[in-house]
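Here's the structure we're looking at; comments come further down.
Derivation of every value follows stated rules applied to the coordinates shown; laboratory data play no part. Here the structure is a predicted model, which means the values were calculated and not measured. Glycine also receives a Cβ, built like all others from the backbone with ideal geometry; neighbour counts cover every protein chain displayed.
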Amino acid sequence: MEQKRAKRQNGDGTISYEADRNKYRAFIVDSDGKRVSKRFNTKQEASQWLAEMRTDIHRGDYVPSTDITLGKWLLEYITTYRKGVVRNTTYDGYLYLCQYVEPIADYALQDIDAHIMQKYFNNLDLAINSKHVIKRLLNHCLNKAVELKLIKSSPLKSLELPPTENNTVEVFTQDEVNVVLNTIKEHKIYSRYHTFVALAFASGMRVGELCGLKIKNVHDDYVYVDNTIKRIGKQVVDNKPKTKSSVRKISIPRELCNALREAHGGDDTEYVFHTDNMRPHDYSNVRSRWKKILKLCNLPYKNRF
């Protein structure tokens, strides 16, 4: 009985000509005992397909046909394999990124090839670093599809993207630091960033950590860093540091600690640096202001934030 079943599954298959369609239709029984067929313009194409199918079935590489789309599978992957594994903020970020996959979301998962993927990323109107974030998510998603035999291989294997931009923090001379702080101290627009910039120079904190600093973590001669912020869509939310070394105590002058309390102003918010609606600053806005401040100071741009 087992021999008959194996023979039926791994048969040569057949090809028939459909005169009404002017097509050649190839038939074969797959490894699950299901009869699979596909139409072609020529008999040669049909024969080639049968040969590839026989090879895949024989090697155990056969992938059953499915009509699930990339968009549906991406959402399934995130909700089934990422929820409860990653942080809630990361999970929400994955869901937010789904909107950028909409241009190819309706493609059948098994129809997406390397060319489609390359054109999608070429036309994606995002910064290169953001493209790499989406690539990582899709890469994990498609590798899981390969593992589950939804597709034979990932169409991202041959994707070509420029490297990520260098975000290394650049060093300022003491003279440059003095120029920046003195220029904005009494400026009618940028004076509100004076304490923020002073803390950045004194502590070396990252921009997300500066924006996420809470008043409870400001002490007499140090700040305790245990929080950063993350942007998800239009929302700015707390995000705990990824490593233990990111949680640290940084010594700063006592007068700067007092300036931080003044910057908070006793307002009804836990964030030292906040907007008029008591929310933390968005670091993308901070970077934009930083470029304008350096221009005002006649200094070359350096990526401090």
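List of remarks:
- Cα gyration tensor shape for the chain, rounded if a/c is under 1.5, else prolate or oblate: prolate
- Taken along the Cα-to-beta-carbon direction at a fixed 7 Å, the label points for ILE116 and PHE27 span 2.9 nm.
- Additional length obtainable on full extension of the chain from ASN178 to SER47, 0.36 nm per residue less Cα span: 39.5 nm
- Per-residue packing, averaged as other Cβ atoms within 10 Å, sorts the ranges 71-83, 174-186 into the order 71-83, 174-186, beginning with the highest.
- Whole-Hz Karplus values for the stretch 28-34 come out as 7, 8, 7, 5, 9, x, 9 Hz, taken residue by residue from phi with 6.51 cos²θ - 1.76 cosθ + 1.60 and θ = phi - 60°; glycine and proline positions read x.
- Cut-off under 5 Å, modelled amide H: who pairs with ASN239 long-range: THR228, ILE229, LYS230
- Cut-off 17 Å (backbone N to label point 7 Å along Cα→Cβ of LYS242), residues of the stretch 140-162: 140-141
- The amide H of ILE252, built 1.01 Å from its N in the peptide plane, has TYR222, VAL223 as neighbours under 5 Å, considering only residues 5 or more places off or on other chains.
- Label point distance in nm, ASN139-LYS72, each placed 7 Å from Cα along Cα→Cβ: 2.8
- Listed by chain and number, the aspartates and glutamates placed with their C-alpha closer than 20 angstrom to that of LYS302 are GLU165, GLU170, ASP175, GLU176, GLU209, ASP282; residues fewer than eight positions away on the same chain are left out.
- Here the extension length gained between ILE189 and LYS83 equals 33.8 nm, from 0.36 nm per residue of separation less the Cα-Cα distance.
- Sparse packing (at most 10 other Cβ atoms within 10 Å of the Cβ) combined with a DSSP loop state is found for the following chymotrypsin sites (Phe, Trp or Tyr not before Pro) in the stretch 262-303: TYR301.
- On full extension, the segment bounded by SER37 and ALA19 gains 4.8 nm, given 0.36 nm per residue less the C-alpha separation.
- Taking a ≥ b ≥ c as the square roots of the eigenvalues of the Cα gyration tensor, an a/c ratio below 1.5 marks the stretch 193-305 as rounded.
- Taken along the Cα-to-beta-carbon direction at a fixed 7 Å, the label points for SER158 and ARG261 span 6.5 nm.
- Derived scalar couplings ³J(HN,Hα) [the stretch 98-104; Karplus, 6.51 cos²θ - 1.76 cosθ + 1.60; whole Hz; x for Gly, Pro]: 4, 5, 7, 8, 3, x, 10
- For the residue pairs LYS214/LYS291; LYS83/LYS119; LYS185/LYS292; LYS249/LYS291; LYS119/LYS149; LYS188/LYS216, the C-alpha atoms sit more than 20 angstrom apart in LYS214/LYS291; LYS83/LYS119; LYS249/LYS291; LYS119/LYS149; LYS188/LYS216.
- Shape category assigned to the stretch 25-154 from the gyration tensor of Cα positions, a/c cut at 1.5: prolate
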